[in-house]
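Taking it in order: structure first as structure tokens, then the write-up.
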Amino acid sequence: MDMQALLQQAQQMQQQLMEAQQQLDEAKVEGTSGGGLVKVTVNGRGSVEEINIDSQAIDTDDAEETAQTVADMVLAAIRDAESSVEELQQEKMGPLAEGLGGGMPGGGMPGLPGF
């Protein structure tokens, strides 16, 4: 194996990984629940950045039940967004992981556990 070519390939993969991570940092994914009454925006790494609750989700006649319902809808919207983030991460990072482990004998790069 040509060591120079191997190092060049590793540098290219590192650059691609950094670009994919940057794209995930900049990505915005929305999760919804309650027919759109609750919307959660997360970045591509899964950090919640914004929660919007439509006023129609609030029943002023029953504050206790409304609080629990809104909490449930927020949780459902976060889970919806998390599912979308997982798909986005797989789209951006999956090919890189396959490139690291799939094409080399022994399932990875020698001397680099997990690669």
**OP:** First compute the accessible area of segment 1-105 with a 1.4 Å probe, then give the percent of it belonging to carbon and sulfur atoms.
**Re:** 47
Subject >> Gained length - K28 relative to Q4, 0.36 nm times residue gap less alpha-carbon distance >> reply: 4.8 nm
Original post:
At T66 and Q21, where each label point lies 7 Å from the Cα along Cα→Cβ, what is the point-to-point distance in nanometres?
Top reply: 4.5
Subject >> FRET efficiency, D54 to S83 (Cβ-Cβ, R0 22 Å, nearest 0.05) >> reply: 0.55
**OP:** Could you state the accessible area per residue of segment 6-61 in Å², with a 1.4 Å probe and every protein chain left in place?
**Re:** 66
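The values are calculated or read from the model by the stated rules, or taken from the named source; none is laboratory data. Values in this document were obtained by computation on a predicted structure and should not be read as measured data. Glycine also receives a Cβ, built like all others from the backbone with ideal geometry; neighbour counts cover every protein chain displayed. Side chains included, ligands, DNA and RNA excluded: accessible areas come from the protein's heavy atoms. Shrake-Rupley method; radii C 1.70, N 1.55, O 1.52, S 1.80 Å.
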